[in-house]
Amino acid sequence: MVHSLKFTLDALLPLPVQGPFEDQDCTYCFRLPLPREICLTGNGCDLYVSNFGKMIAIQNDQYLIPEYLAAIKNAAEDNGFQWINESDLRSRYDGQCHPGFSTWWHRFFDYV
């Protein structure tokens, strides 16, 4: 599923997406670094796939060129993922699973 999304993104974006990378000790299962050329600030914008369900989010999504952000959202949904805006994930974690998580981003898309 992730490789299918990468293939789709490679066709949509001006440069290929790197990865996917499988990092250790985190609440996400894959990280796809997006080309810096599609970011307004030149900062990195990485796409994350959560270990929990088929959730997907981009760190620093507010810095993506809007046309590319829309294309990535559509590609994610077309490949069976549930898109979640990063800003929604930055609110305080009030779940009951683990008291050590500070935000919802930390719960689903970060290192533990």
- Considering residues of region 14-40 that are assigned to a strand (DSSP E or B) and out of contact with any Phe, Trp or Tyr (no Cβ under 6 Å at 6 or more places or on another chain) only, the residue surrounded by the fewest Cβ atoms within 10 Å (Cβ to Cβ): 21
- With respect to residue 107, determine if the residue is assigned to a helix (DSSP H, G or I), touching a Phe, Trp or Tyr at 6+ places or on another chain (Cβ under 9 Å) and charged (D, E, K, R). yes
- Message: Can you list residue pairs whose Cβ atoms sit under 6 Å apart, with the first residue in region 47-59 being closer than 10 Å to residue 81 by Cβ and the second being in a loop (DSSP other than H, G, I, E, B) and open to solvent by 60 Å² or more (accessible area, probe 1.4 Å)? Count only pairs 6 or more apart in sequence or on different chains.
- Response: none
- Query: Among the residues of region 30-37, is any at positive phi and modelled with pLDDT of 90 or more?
  - Reply: no
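Matching residues to (1) under 21 Å from residue 3 (Cβ atoms); (2) open to solvent by less than 40 Å² (accessible area, probe 1.4 Å); (3) assigned to a loop (DSSP other than H, G, I, E, B); (4) in contact with a Leu (Cβ under 7 Å, 6 or more places away or on another chain):
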{"site": "42", "(1), (2), (3), (4)": "no, yes, yes, no"}
{"site": "56", "(1), (2), (3), (4)": "yes, yes, no, yes"}
{"site": "69", "(1), (2), (3), (4)": "no, yes, no, no"}
{"site": "77", "(1), (2), (3), (4)": "yes, no, no, no"}
{"site": "94", "(1), (2), (3), (4)": "no, no, yes, no"}
{"site": "100", "(1), (2), (3), (4)": "no, no, yes, no"}
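Does residue 78 count as touching a Pro at 6+ places or on another chain (Cβ under 8 Å) and not polar (S, T, N, Q)?
Details: touching a Pro at 6+ places or on another chain (Cβ under 8 Å): no; not polar (S, T, N, Q): yes.
For residue 78, the condition - touching a Pro at 6+ places or on another chain (Cβ under 8 Å) and not polar (S, T, N, Q) - is not met.
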- Please specify each residue of region 79-92 satisfying the condition of being within 21 Å of residue 23 (Cβ to Cβ) and in a loop (DSSP other than H, G, I, E, B). 79, 81, 84, 90
- Task: Looking for whichever is outside any helix (DSSP H, G or I), modelled with pLDDT of 90 or more and buried (at least 18 other Cβ atoms within 10 Å of the Cβ) here; the options are 9, 47. Which one fits?
- Result: 47
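The values are calculated or read from the model by the stated rules, or taken from the named source; none is laboratory data. A quick note: this is a predicted structure, and the numbers were derived from the prediction, not measured. Reconstructed Cβ throughout: ideal geometry from the backbone, glycine too, with neighbour counts over all protein chains shown. These accessible areas exclude ligands, DNA and RNA; they are computed on the full protein's heavy atoms, side chains included. Shrake-Rupley method; radii C 1.70, N 1.55, O 1.52, S 1.80 Å.
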